[in-house]
Amino acid sequence: MTSFDTQLFVIGGGSGGVRAARIAASLGAHVTIAESFRYGGTCVIRGCVPKKLLVYASHYAQEFRDAAGFGWSVPPATFSWPKLIAAMDAEIGKLSAMYEKNLLNSGVQVLQGAARVIDAHTVEVNDQRIRTEHILVATGGTPFLPALPGIEHAITSNEVFNLPEQPRRVLIVGGGYIAVEFAGIFHGLGSEVTLAYRGEQILRGFDDDLRAHLHDEMAQNGVRILLHSEVTQIEKSGDGSLQVGLRSGSEGTATQHSFDTVLYATGRLPNTQGMGLAEAGVALDKTGGIIVDAYGHSNVPSIHAVGDVTNRIALTPVAIREGAALAQTLFGTAPTTADLTTVPSAVFSQPQIGTVGLTEAQALQAVPQIDIYRTNFRALGRGLAGGKERTLVKLIVDSASQRVLGAHMVGDDAAEIIQSLAVAIRMGATKADFDATVALHPTSAEEFVTLKDKTTRSRSDQASA
Ligand code: NDP
């Protein structure tokens with residue numbers, strides 16, 4: 001390290017950066033990390049963690065309602081948004097402090113400040129220039145807001161966790177993860193929720209059965225979902241409410257609506273602006289994402305990137321894997337890549353989605369013919385609760401090899417169930433392996449090992465249809 005102040009300078013203290021820093025330090029490297037906001041990054045500070053806490057909070061309304069069916073008399077419940085937010089903030093504060101402490105305990109030099117790349121081996125932070133053998137950019141992403149009149153009145157997932165009070169009427173724009181998750185949260189907490197999506201069905205990219213099932217369940221719960229709808233402008237009225245113009249349907253019908261809060265969840269962009277990357281010769285894609293190879297190396301040999309800033313799979317566990325692999329590559333014994341062949345994912349919508357492997361459409365691209373097994377049922381306990389919610393379970397199997405290519409679920413505990421199934425699917429389990437597994441009764445998960453009704457679809461049917 002003769003001519004360098006440090007061996008690895010990590011920019012960004014989120015999931016990927018922190019994991020890379022700690023593993024590199026454990027491998028004996030001199031590591032420095034800088035974070036401009038709070039250690040923990042998007043996931044801990046304004047993403048997965050606070051979102052899941054809000055999801056928990058919003059479930060209580062239904063629990064109170066369901067309780068009556070099980071013989072409980074529950075006095076009218078009241079809810080305090082400020083109390084919830086204060087409790088959530090305290091929890092996040094603890095987690096953030098833990099991230100910083102873990103870095104220090106691992107021997108990482110921890111800095112607070114926005115870092116900028118000066119050249120391939122120099123970083124500037126708090127007016128100090130640091131010479132480093134390697135630079136790891138792990139700065140994550142930031143919400144994207146389309147340009148339209150009055151967009152400055154909208155909030156994003158950055159602000160939603162700090163609203164001083166719960167909005168009574170919320171418009172959520174977008175049909176992806178964040179949009180459907182916050183639709184469930186605000187609806188559960190008692191707000192009147194409208195979700196406006198520009199396409200023909202929410203959650204583009206997910207299996208079509210899941211998308212339709214979630215849509216139906218959300219709509220039945222009382223979330224107003226407007227498809228083929230785009231916001232044309234937002235105006236703030238004298239009373240503070242937001243007047244929103246919407247253009248909907250194939251006719252482009254214009255309507256005007258009033259809301260207290262407009263939350264945009266229209267995707268995220270890599271956080272690379274003003275960081276000196278292009279000037280240092282780092283190749284960026286058209287969204288600003290750092291182009292890297294399977295190891296996380298950019299085109300500049302000493303500059304690397306992991307996580308959302310690379311504009312690939314924007315999921316925390318993926319960033320963590322990429323960070324660990326990069327540290328191993330740089331300071332371990334062998335070049336290592338993150339194995340991302342079977343990445344499960346969950347949408348903490350209400351009801352929840354869990355999914356792993358291929359969708360029906362993707363499976364038909366991958367193999368000539370597939371067997372589809374699906375069931376749709378009312379989970380035990382829902383009857384007593386008087387609920388109409390239905391659970392969807394679906395398996396997609398390669399007809400030739402009988403390998404399970406995808407497992408999908410919408411319903412209670414879908415994320416927990418799919419996490420375990422991901423192990424089996426990654427190991428190459430066949431439908432016969434699922435069938436040979438004894439059911440765990442009574443659960444919703446057992447449906448995955450008792451699926452009988454099969455539909456077969458082949459690529460050639462599709463082509464001729
Ligand atoms: P997504 O990419 O999931 O969804 C963006 C949505 O916004 C899509 O429905 C998209 O429509 C729509 N959209 C994009 N541009 C516009 C526009 N100009 N006008 C109107 N609508 C638009 O992004 P999110 O913001 O929901 O989440 C960002 C990422 O964060 C996710 O992709 C995911 O990787 C991660 N995340 C993961 C979670 C989890 O694991 N549970 C939870 C939250 C986030 P269209 O489909 O037509 O493109």
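The values are calculated or read from the model by the stated rules, or taken from the named source; none is laboratory data. Since we're looking at a predicted model, the values are computed, not measured. So basically every Cβ, Gly included, is an ideal-geometry build from the backbone, and we count neighbours across all protein chains shown. All accessible areas refer to the heavy atoms of the entire protein, side chains included, with ligands and DNA or RNA removed. Shrake-Rupley method; radii C 1.70, N 1.55, O 1.52, S 1.80 Å.
Summary of values
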quantity	calculated
The stretch 337-454, Rg to Rh (Cα coordinates; Rh as Kirkwood inverse mean 1/r)	0.97
Average Cα contact separation per residue, the stretch 383-438, under 8 Å, 6 or more apart, as relative contact order %	31
Crossing angle, helix 48-67 versus the chain [Cα axis fit, 0-90 degrees, rounded to tens]	20
Positive-pole candidate from G69, L53, A138, dipole of the stretch 1-158, charges at beta carbon	G69
Projected label distance in nm at Q419 and Q362, using a 7 Å step from Cα toward the beta-carbon	2.0
Contact order relative to length of the stretch 290-387, as percent, for alpha carbon pairs under 8 angstrom and 6 or more apart	15
Per-selection Kirkwood Rh - the stretch 83-148 (Cα, Å, 1 d.p.)	15.1
Surface/4 of the Cα convex hull for the stretch 128-224, nm²	10.3
FRET efficiency estimate (nearest 0.05) - Cβ-Cβ, Q62 to N158, R0 45 angstrom	0.95
Virtual spin-label span in nm between E446 and A294, 7 Å along Cα→Cβ	4.2
Heavy-atom surface of the stretch 11-69, accessible at 1.4 Å and reported per residue (Å²)	38
V438, V449, V137, reordered so the largest accessible area comes first (probe 1.4 Å)	V438, V449, V137
Overall Cα dimensions of the stretch 305-392, principal axis frame, Å, largest first	57, 37, 23
Loop sites in the stretch 71-123: chymotrypsin sites (Phe, Trp or Tyr not before Pro), DSSP, at most 10 other Cβ within 10 Å	W72
Per-residue ³J(HN,Hα) for the stretch 331-347, Karplus 6.51 cos²θ - 1.76 cosθ + 1.60, θ = phi - 60°, Hz, x for Gly and Pro	10, x, 9, 8, x, 10, 10, 7, 7, 10, 6, 10, 9, x, 8, 10, 10
Carbon plus sulfur fraction of accessible area for the stretch 208-291, probe 1.4 Å, in percent	46
Rg/Rh ratio calculated on Cα atoms of the stretch 350-405 (Kirkwood radius)	1.13
Principal-axis tilt of helix 15-26 within the chain, Cα atoms, nearest 10 degrees	50
Amide proton proximity set for R378, modelled H, under 5 Å, gap of 5+	T391
Cα point-scatterer Debye curve for the stretch 333-377, base-10 log of I(q)/I(0) at q = 0.21, 0.24, 0.34 Å⁻¹	-0.93, -1.03, -1.16
Rounded to the nearest 10 Å², the accessible area of F348 at probe 1.4 Å	40
Spin-label pair R168/D453, simplified geometry with 7 Å Cα→Cβ offset, distance in nm	4.5
Charge dipole of the chain about the Cα centre (unit charges at C-beta), most positive-ward option of V180, A346, L284	A346
Between the stretch 122-168 and the stretch 289-340, the alpha-carbon center distance in angstrom	21
Cα-Cα separations in the chain greater than 33 Å, expressed as whole percent	45
Which of D412, D66, D285 is most accessible, then next, and so on - probe 1.4 Å	D412, D285, D66
Point-charge dipole on Cβ atoms (K/R +1, D/E -1) for the chain, about Cα centre, debye to 20	260
P(r) weight above 22 Å for the stretch 1-124, C-alpha pairs, percent	51
Cα pair count fraction exceeding 19 Å, expressed as % - the stretch 385-465	42
Amide hydrogen neighbours beyond the local backbone of N299, cut-off 5 Å, H modeled	A283
For R131, solvent-accessible area (1.4 Å; no DNA, RNA or ligand), Å²	90
Per DSSP, loop trypsin sites (Lys or Arg not before Pro) in the stretch 401-456 with at most 15 further Cβ within 10 Å	K452
Order of exposure, largest accessible area first, which applies to T375, T337 with probe 1.4 Å	T337, T375
Residues of the stretch 360-378 with amide N under 17 Å of the 7 Å Cα→Cβ point at A432	371
